[in-house]
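Here is the structure we will look at, set down as structure tokens.
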Amino acid sequence: MRQVRIAPVFPARAQTDEFRWTRGEAKRRLVHGFDSRNASSRSFNLIRSKLVALQRDRGWRMLGVASATPSVGKSFVSANVAAAMSRDPRFQTYLLDLDLRRGTIKEIFGIETDEGVVNYLQQSEPRNVLRGFMPQGQELIIIPSVPGPVHSAELLASERASALFRAMRSSDERNYFICDLPPVFANDDAAIIMESLDGYIIVAQDGKTTQREIAATVEMLGHDRLAGVVLNKYRGGLVSEGYGIEDRYASEYYASRDTDED
């Protein structure tokens, strides 16, 4: 079988398209992670600290952000964790939207483009340097997706997708990749992607996501690569204190797992 040789290159800052970004725009779009003085960024700073520790201890620098079901704030968390991570000068942070059917990273940041991950995976002769976008005055490089009714599983299992993940792995060790994944139970896309990533976090919504859904997500994606669980809209849903890291889901899961094995 003839193998397709593809060597995608992730854009450096000078190779990106810069788009307008202000503090007012960040506030309106609920992207708090860029501003460490904003009280709403505290939870994302804590998540960043945990991810930095995992990078140091395990070498993890390709992270997926997953959820069991749609509409629990997964992409909101992806955007803000990536924004917080981009403030660490030890890393060049990339945010990739790998939800090929319903991705919203493009809308969250207000990026105007018809080109993204889907185009790269579909084109017979894709550009060598992926098209990236950078908010004005920030260091985050965003590679969006233009969602549509595509055969996402086939695209993600293709040689071109494999080459994309290999390029991530072989890129500069300073590069840190945060990948917004499709909901786990929408299709098998998230499971396909996780074959190539280091670890993942789960986004759950307080009062909506069930313990059974969390456990099933961990079973599907692997408990050894679970970096943690983010509980969205915890204790009332105020932006300043309504998004936090909550470990009880993971601890209950492992407690029940140990009980079952006994």
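The number of residues in the range 35-84 being hydroxyl-bearing (S, T, Y), touching a residue at least 24 places away in the same chain (Cβ under 8 Å) and assigned to a helix (DSSP H, G or I) comes to 5. Of the residues A167, A83, A161, the single one that is in contact with a strand residue (DSSP E or B) (Cβ under 9 Å, 6 or more places away or on another chain) and crowded, with 17+ Cβ neighbours inside 10 Å is A83. As a summary of the residue check, E125 satisfies the conditions (1) closer than 28 Å to L54 by Cα; (2) out of contact with any Lys or Arg (no Cβ under 9 Å at 6 or more places or on another chain) except for the one numbered (1).
This table checks each residue for (1) on the phi > 0 side of the Ramachandran plot; (2) modelled with pLDDT under 90.
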{"position": "P149", "(1), (2)": "no, yes"}
{"position": "I192", "(1), (2)": "no, no"}
{"position": "I202", "(1), (2)": "no, no"}
{"position": "E213", "(1), (2)": "no, no"}
{"position": "T217", "(1), (2)": "no, no"}
{"position": "G222", "(1), (2)": "yes, no"}
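Each residue in the range 170-194 was checked for being open to solvent by 10 Å² or more (accessible area, probe 1.4 Å) and farther than 28 Å from E139 by Cα, and 6 of them qualify.
Applying a threshold of 6 Å to beta carbon distances and a minimum spacing of six or more residues, or different chains, the list of pairs starting in the range 9-34 at a residue that is touching a residue at least 12 places away in the same chain (Cβ under 8 Å) and surrounded by 18 or more Cβ atoms within 10 Å (Cβ to Cβ) and ending at one that is among the hydroxyl-bearing types (S, T, Y) and not in a helix (DSSP H, G or I) reads F10/S171.
The values are calculated or read from the model by the stated rules, or taken from the named source; none is laboratory data. Source: prediction; values computed, not measured. Positions of Cβ are backbone-derived with ideal geometry, glycine not excepted, and every protein chain shown enters the neighbour counts. Remember, those area values only see protein heavy atoms, side chains included, never the ligands or the DNA or RNA. Shrake-Rupley method; radii C 1.70, N 1.55, O 1.52, S 1.80 Å.
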